[in-house]
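Read the structure below first, then the notes.
The values are calculated or read from the model by the stated rules, or taken from the named source; none is laboratory data. Fair warning: this is a prediction, and the values are worked out from it, not measured in the lab. Heads up, the Cβs are rebuilt from the backbone with ideal geometry, glycines too, and the neighbour counts pull from every protein chain shown.
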Amino acid sequence: MTLVLEAQHINKHFQKPVPFHVLKDICFDVKKGEFASIMGKSGSGKSTLLYILSTMDTDYDGKLFLNEHLVTGKPSKELSRIRNKHIGFVFQFHYLLSEFSVIENVMLPAKKLGEKSHAEIEHEAIKKLEMLHIGHLAKKRANRISGGEKQRVAIARALINDPSILMGDEPTGNLDSYNSENVFQIFKQLKEEKGLSLLVVTHDMDFAKRTDRIIEMEDGSIIS
Ligand code: ADP
Ligand code: MG
């Protein structure tokens, strides 16, 4: 079975304010098309782990493979390119550029990657917005739409380069139950219809129990 993501013996220490072993020998993988969730108490290391797995944090011991290629190493242009192309990331807060239109926000990561023309990227962005049922918002300014709509725009932006894996750090943490369910259904549809792999940190048991697998963290270790 193809592994989209593989973590081997990931250890991380913070030095300040006091030396602290935050991630302890983390080993696990995500298979192609798998929808996995990470749960655990606040402070157990979930966000720290997700930043490493998404290659945003390169300061750790151990090895990380993305599509069976080693991506462990110092920050570099090549690592940024790999991240932009292969990893979609959705945060608890949408981080849209409020003065830009919805479609401009969605197009940004593809513009940064620079592999397609403006027209191709625009076409792709419209497709993504329509898939998430927000095509009608394309020309609106990002600060003129609701919270649930903003998070769907953030998902469209995360998908613009057709990543291998979509990661989320409590992507429903700031949403009401209606919009949380909407985001869950989008993720499920991406898995079932596109074969996308997903790795999502959540506090919501109702969300997690409907994913393929729950990874449970405690004090920097995976306990199940
Ligand atoms: P979670 O996402 O599970 O709530 P985090 O990964 O954010 O947990 O944090 C894990 C632990 O590491 C916490 O005890 C937190 O206080 C600590 N921590 C997080 N970031 C830093 C940092 N930059 N420097 C020192 N300690 C940190
Ligand atoms: Mg966190």
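Okay, here's what the table says:
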item	result
Any hit, segment 59-79, residues being within 23 Å of S180 (Cβ to Cβ), more than 9 Å from ligand 1 (Cβ to nearest atom) and either surrounded by fewer than 17 Cβ atoms within 10 Å (Cβ to Cβ) or among the acidic types (D, E) (or both)	no
Filter result for the condition that a residue is among the aliphatic types (A, V, I, L, M) and closer than 16 Å to G88 by Cβ, over V18, V22, V30	V30
Failed item in (1) closer than 30 Å to M205 by Cα; (2) in contact (Cβ under 8 Å) with a residue 60 or more places away in the chain, with M131 passing the rest	(2)
Unmet requirement for T172, which otherwise passes all of (1) farther than 22 Å from H86 by Cβ; (2) surrounded by fewer than 21 Cβ atoms within 10 Å (Cβ to Cβ)	(2)
Residue match in segment 103-122 (condition: assigned to a strand (DSSP E or B), under 24 Å from G147 (Cα atoms) and either within 16 Å of ligand 1 (Cβ to nearest atom) or not basic (K, R) (or both))	no
Residue in segment 34-52 that is nearest to ligand 2 (Cβ to nearest atom), counting only those that are under 20 Å from K194 (Cβ atoms) and either out of contact with any Lys or Arg (no Cβ under 8 Å at 6 or more places or on another chain) or assigned to a strand (DSSP E or B) (or both)	S37
Segment 66-81, subset assigned to a helix (DSSP H, G or I) and without any contact (Cβ under 8 Å) to a residue 12 or more places away in the chain, residue farthest from L3 (Cα to Cα)	K77
Options D61, D25; residue that is of a type in the set (D, E), modelled with pLDDT of 95 or more and over 30 Å from M205 (Cβ atoms)	D61
Within segment 53-65, considering residues that are part of a loop (DSSP other than H, G, I, E, B) and without any contact (Cβ under 8 Å) to a residue 60 or more places away in the chain, the one nearest to L196 (Cα to Cα)	T55
Single unsatisfied condition, F91 versus (1) within 16 Å of ligand 1 (Cβ to nearest atom); (2) farther than 21 Å from L199 by Cβ; (3) within 16 Å of the chain's Cα centre (by Cα); (4) of a type outside the set (D, E, K, R)	(2)
Restricting segment 161-189 to residues that are outside any helix (DSSP H, G or I) and out of contact with any strand residue (DSSP E or B) (no Cβ under 8 Å at 6 or more places or on another chain), the residue that is nearest to ligand 2 (Cβ to nearest atom)	G173
L23, sole failed condition from (1) surrounded by 18 or more Cβ atoms within 10 Å (Cβ to Cβ); (2) more than 14 Å from ligand 1 (Cβ to nearest atom); (3) over 19 Å from the mean Cα position of the chain (by Cα); (4) in contact (Cβ under 8 Å) with a residue 60 or more places away in the chain	(2)
